[in-house]
Amino acid sequence: MARAKKDDDGPKLTREWPLPAAATLGSSVRARGIMLEVRARLPLALRKAVDIKGGVLTLRRPESAADEFRTAGEIVETVLVGIETMPVIPREIEDILDIKTAERHRWLKDGRLPSAGTRTVKLRGRARKITFHVFDPRMVEDLLDSGRIDDWREQDAETAQENRRRAAWNRKLARVEAAGKTAPDGESDKVQLADWAEFERTGLLR
């Protein structure tokens, strides 16, 4: 006896919503985040009916589920209203700006990357919740267009170089003090520190 044909194998009702660039900011990770946001608003049985490919959100249901298809479509339409303002989450901003997690943490901490608030979610299958910062999509878009990320990286490189110089100088002072010599406080004391001229020449104190 032939097996009954599943609904999923039959003709489909299909509806598509191309996501605007202002919403995805050119990021497939952001596009998937929007898709997950849409799914979260749908009844559990309909969530997998919505998928995304190439920046196009697609709803598919069997022809026999016309009522579900209509209901799901209305929900999707509602969620997509103003989707351009949906906060950007950490993995999305890293993809959009092509930055590393360490850079995001550093720039968030020093204020260069302003937070738009926090969001708390419960991990699937776990009791633990996590809280993370989210970002204004228009701020992210401005950073994407401004080129400031490259400037920040140059500033960070200069700061790291200066920190290495300071660390080298502090280690030199520690060795001098451990040897029982006097660390220089001014111009008259410079001769008491071996290799002082080398330090000045290599710019360690600049």
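The values are calculated or read from the model by the stated rules, or taken from the named source; none is laboratory data. Treat the numbers as computed from the prediction; the structure is a model and nothing was measured. Neighbour counts run over all protein chains shown; Cβ positions are idealised from the backbone, glycine included.
Look through region 84-111, keep the residues that are among the acidic types (Asp, Glu) and more than 11 Å from the chain's Cα centre (by Cα), and return whichever of them is nearest to Ala22 (Cα to Cα). The extreme case among them is Glu84.
State which residue is farthest from the chain's Cα centre (by Cα) when the search covers only region 112-155 and only residues that are of a type in the set (Asp, Glu) and exposed (fewer than 15 other Cβ atoms within 10 Å of the Cβ). The residue in question is Glu154.
Every condition in (1) closer than 30 Å to Ser146 by Cα; (2) at pLDDT 95 or above is met by Thr14 except one, and the failing one is (1). If the condition is being over 17 Å from Ile83 (Cβ atoms) and in contact (Cβ under 8 Å) with a residue 12 or more places away in the chain, then region 46-65 contributes Leu46, Ala49, Arg60, Arg61, Pro62, Glu63, Ser64, Ala65.
Taking region 1-90 and the helices (runs of 4 or more DSSP H) fully enclosed by it, the elements with 2 or more residues that are surrounded by 11 or more Cβ atoms within 10 Å (Cβ to Cβ), touching a Ser or Thr at 6+ places or on another chain (Cβ under 8 Å) and of a type outside the set (S, T, N, Q) are at 28-41. Report yes if some residue within region 59-80 is under 22 Å from the mean Cα position of the chain (by Cα) and not assigned by TED's automatic domain parsing to the domain that holds Arg119; otherwise report no. Scanning region 59-80 turns up at least one residue that is under 22 Å from the mean Cα position of the chain (by Cα) and not assigned by TED's automatic domain parsing to the domain that holds Arg119. Residues that are touching a Lys or Arg at 6+ places or on another chain (Cβ under 6 Å) and without any contact (Cβ under 8 Å) to a residue 40 or more places away in the chain within region 66-91 comprise Glu68, Ile75, listed in sequence order.
The conditions of being in contact with a helix residue (DSSP H, G or I) (Cβ under 7 Å, 6 or more places away or on another chain), modelled with pLDDT under 95 and under 30 Å from Arg148 (Cβ atoms) are not met by Gly33.
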